[in-house]
């Protein structure tokens, strides 16, 4: 109500779309300036398939928030803050909980602003070994083109992956022709996977 | 020399790749800690074709710098800061020159960091009417998939394009399935055009 009345400054009677963040939405009116009145039926939007996910190695300063904002905007379903052998930044204990709570708040706001009816999940910080799932691929120059056959891309820190991490044998995907900063690579992974899923771009033939 | 010695902290004898930013590069050694000694031949890299370009409506705060950094990293050749009917931010006179000089410095640093041998061009701030070239397309939800047939994408401000701008009849391209912030859309345009050009992604069939 504070957001509608004070931030968006809606007038009484203006239309609002309300969503539960799990695929349902409904048209409402900002009734008398103090409450929402539901009008029309509840619409249900199926979750896009396959689910796409990006894990990103922790970076300094505000870059993790920035990364999560952009991934949520792009439409990534699952976002995983990650530590790896060459990750310099560490979030532990109290700090980790606070930072992850902050990232969840950023993801929620970004998904709402980009008018999505499915909220992305932001997971707890996890080490590379726990994140390296069978459907995952690691981002690195010279890899294969990204594809929905591997809808989960892991983006390493500025220092890259170490040999032991690469020795795990996950497929390697490339995100473009240039060397990208860590946070730019994460964003590119989200744009490419969501673009492939939506049919905005295609696979290389 | 300051950058090599004080920022990168190279030791005497370390290898450096030097480029003129116009396609030529050469291996050098950081000789006695105070100068570069050229070793090996001059290599020439052809400019990627077609040239890709992104124009972006001015945004507040540090977002134009951020946008230029990401576009340069992605490999965009020409970056155009733009004003449009609904652009709130204005850069005029002295401020415009200072800001464009700053953007050029950001682009140069980003292209070097991503190890590119062609530096992007950052143009002066121009109004939409001057930017709307025959090979350009405007970014908007519901448009066609991006393609190299239109290697120049114009990204509007948060408020979108006005009717007169759309009435110009430029083709409309979509950058993904969600509504993106202005700076995110610019970045997505760069990633998609450079990815298409490099054969990392393909056109929708």
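Each reported figure results from applying straightforward, stated rules to the coordinates on display, with no laboratory input. Being a predicted model, the structure only gives us computed values, none of them experimental. Quick reminder, even Gly has a Cβ in these numbers, built from the backbone with ideal geometry, and neighbours come from all protein chains shown.
FRET efficiency for the residue A:44 to residue B:34 pair, using the beta carbon distance and R₀ = 60 Å, is estimated at 0.30.
Label zone (residue A:179, point 7 Å along Cα-to-C-beta; backbone nitrogen cut-off 17 Å) within the stretch B:1-29: B:3-5, B:7-11, B:14-29.
Counting each pair of different Cα atoms once, what's the Kirkwood radius of the protein assembly as shown in Å, rounded to one decimal?
Working: mean 1/r = 0.0440 Å⁻¹.
Radius from the Kirkwood sum: 22.8 Å.
Label-point distances for residue A:27 to the equivalent site in the other copies, using a point 7 angstrom along Cα→C-beta, read 6.8 nm when ranked shortest first. Ellipticity at 222 nm from helices only: DSSP H runs of n ≥ 4 in chain B, each -39500 (n - 2.57), divided by the residue count, give -8500 deg cm²/dmol. Given 37 °C and 0.692 mPa s, how large is the Stokes-Einstein diffusion coefficient of the stretch B:140-188 in µm²/s, with Rh as the Kirkwood radius over Cα pairs? Once the numbers are plugged in, D ends up at 289 µm²/s.
Between the stretch A:104-148 and the stretch B:3-66, the alpha-carbon centres lie 31 Å apart.
Each label point was placed 7 Å from the Cα along the Cα-to-Cβ direction; for residue B:112 and residue B:198 their separation is 2.1 nm.
What is the Cα radius of gyration of the stretch B:2-44 over 2.2 N^0.38 Å, N being its residue count? Could you put the intermediate results ahead of the total?
On the way: Rg = 10.6 Å, N = 43, 2.2 N^0.38 = 9.2 Å.
For the stretch B:2-44, the normalised Cα radius of gyration comes out at 1.15.
Stokes-Einstein, applied to the Kirkwood radius of chain B over Cα pairs at a viscosity of 1.002 mPa s and 20 °C, places its translational diffusion at 117 µm² s⁻¹. Taking the fewest neighbouring Cβ atoms within 10 Å as the starting point, the ordered list for A:92, B:123 is A:92, B:123. Once the chain from residue B:1 to residue B:144 is taken as fully extended at 0.36 nm per residue, the excess over their C-alpha distance is 46.7 nm.
Comment: the Cα-to-Cβ extended label point of residue B:108, at 7 Å, lies 4.5 nm from its counterparts in the other copies, nearest first. For residue A:204, the label point sits 7 Å beyond Cα toward Cβ; its separations from the matching points on the remaining copies run 2.2 nm, from shortest to longest. Considering only alpha-carbon pairs that sit under 8 angstrom and 6 or more positions apart, the relative contact order computed for the stretch A:69-124 is 56 percent.
Relative contact order, whole percent, for chain B stands at 22, derived from Cα pairs under 8 Å and 6 or more residues apart.
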